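We did not get these values from a lab; they are worked out from the coordinates using the rules stated. These figures come from a predicted structure and were not determined experimentally. All Cβ positions, glycine included, derive from the backbone under ideal geometry; neighbour counts span all protein chains shown.
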């Protein structure tokens, strides 16, 4: 009832601006679902573990849960400090700037998704806010050191992702796939692999993924919980793996059994990444909308760097992400799963664990990282074990080019849109 009462108390112009902000935020979140869901589910579809319809259900559940329950009730209004707060203290400029940034970044994400390019939604909104900051406060209003970190992530993310995913796959290959009896070897190695990957995912979730819940779990506590979870899951996997039949001479059948095991493991890692994505990236859509809503109802017109996100905005963002997955997610899923290289369950699992490990290590070291770029690098990394010939180099060039133009394009789009808006001020 609070939102209804607040809305009814507004004048017609303010109501119109709020409705436009909600529609634009929904469109942005829809694009996030359509493009970024490939981070989690592209390799699962590519390996044949599940179908697109099953992806929609699984990703919808985990993206929504991550966005709504862990997405947090506080978000950056000016996108990670990229623009000086001084330039957004005028409420009218702030509202128009956030609207322009949302529209510009949404349009670019829509274009990128159409071509099947996995781009960073965070970088898209950063570019939009940068364009707003340049137009309102000049080039000096932009925190260029932050921008330097973002540029660095274009290199650090895919390289680290490729390296770690390559190592993970080589471990799987040398300890299982290249053995005379891969099923018997899997009984010994898979529990250890599950233990190691479980440790990474649990620790990463406690350290980074649940930060918005403010559980105040320190490093030692997170380490202890992660070790206990890893040991438990490793033992459970060992017990379950003993049921596999490793007898017989048909090696091809043994490979199929091993790939079947990794299909199940891949589902778990994909759901984890999907949950973490929903928790972290929903802010790219709801943060600006919450900032606009706060500015409209704040009579003083003062704009803070952080803003409280009402539950209804969080729900709106979570629902839009799920709809984006269901209606347009197949475009980028197809790129990640099929158009870069051939994906099997063991390769897909290695890419996902490599991505999660890279994000955890980089976060711990304070290095700039993009999950999207990391996942693409990880897929390339597992393919390199078979040689460059198995890679679709043309598609990779197009993807990398889309990363480099994301920020410049959204900067220009935002400036054009904002200038147009100012004509009607």
Mean residue ellipticity (222 nm) of the chain, computed from DSSP H runs ≥ 4 via -39,500 (n - 2.57), nearest 500: -25000 deg cm²/dmol
Length-normalised contact order of the range 271-391 in % [C-alpha pairs under 8 Å, at least 6 apart]: 22 percent
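Students often check this: by mean Cβ neighbours within 10 Å, which of 324-336, 146-158 ranks highest, and how do the rest follow?
Per-residue Cβ counts within 10 Å, averaged per peptide and sorted highest first, yield 324-336, 146-158.
Can you compute the FRET efficiency between residue 421 and residue 51 using 1/(1 + (r/R0)^6), with r the Cβ-Cβ distance and R0 = 41 Å? Round to the nearest 0.05.
For R0 = 41 Å, the calculated efficiency reads 0.40.
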Folded to 0 to 90 degrees: helix 182-204 orientation relative to the chain principal axis, Cα: 20 degrees
Folded to 0 to 90 degrees: helix 12-36 orientation relative to the chain principal axis, Cα: 20 degrees
Compactness relative to 2.2 N^0.38 Å, alpha carbon Rg of the range 367-425: 1.71
Residues residue 235 and residue 89, FRET efficiency given R0 of 60 Å [Cβ-Cβ distance, rounded to 0.05]: 0.60
Mean Cβ count within 10 Å, highest first, over the residues of peptides 404-416, 126-138, 159-171, 272-284: 272-284, 126-138, 159-171, 404-416
Mean separation of Cα contacts under 8 Å (6+ apart) over length of the chain, as relative contact order %: 39 percent
Label corresponding to Kirkwood radius over Cα pairs in Å when calculated from the structure given, among (i) 26.9; (ii) 24.8; (iii) 22.1: (iii)
Semi-axis lengths, Å, the range 262-416, gyration tensor of Cα atoms, sqrt of 5 times eigenvalues: 34, 19, 16
Using alpha-carbon coordinates, inclination of helix 251-281 to the longest axis of the chain, degrees: 20 degrees
Within a Gaussian network of the chain (alpha carbon springs, distance under 10 Å), most fluctuating of 374, 43, 14: 14
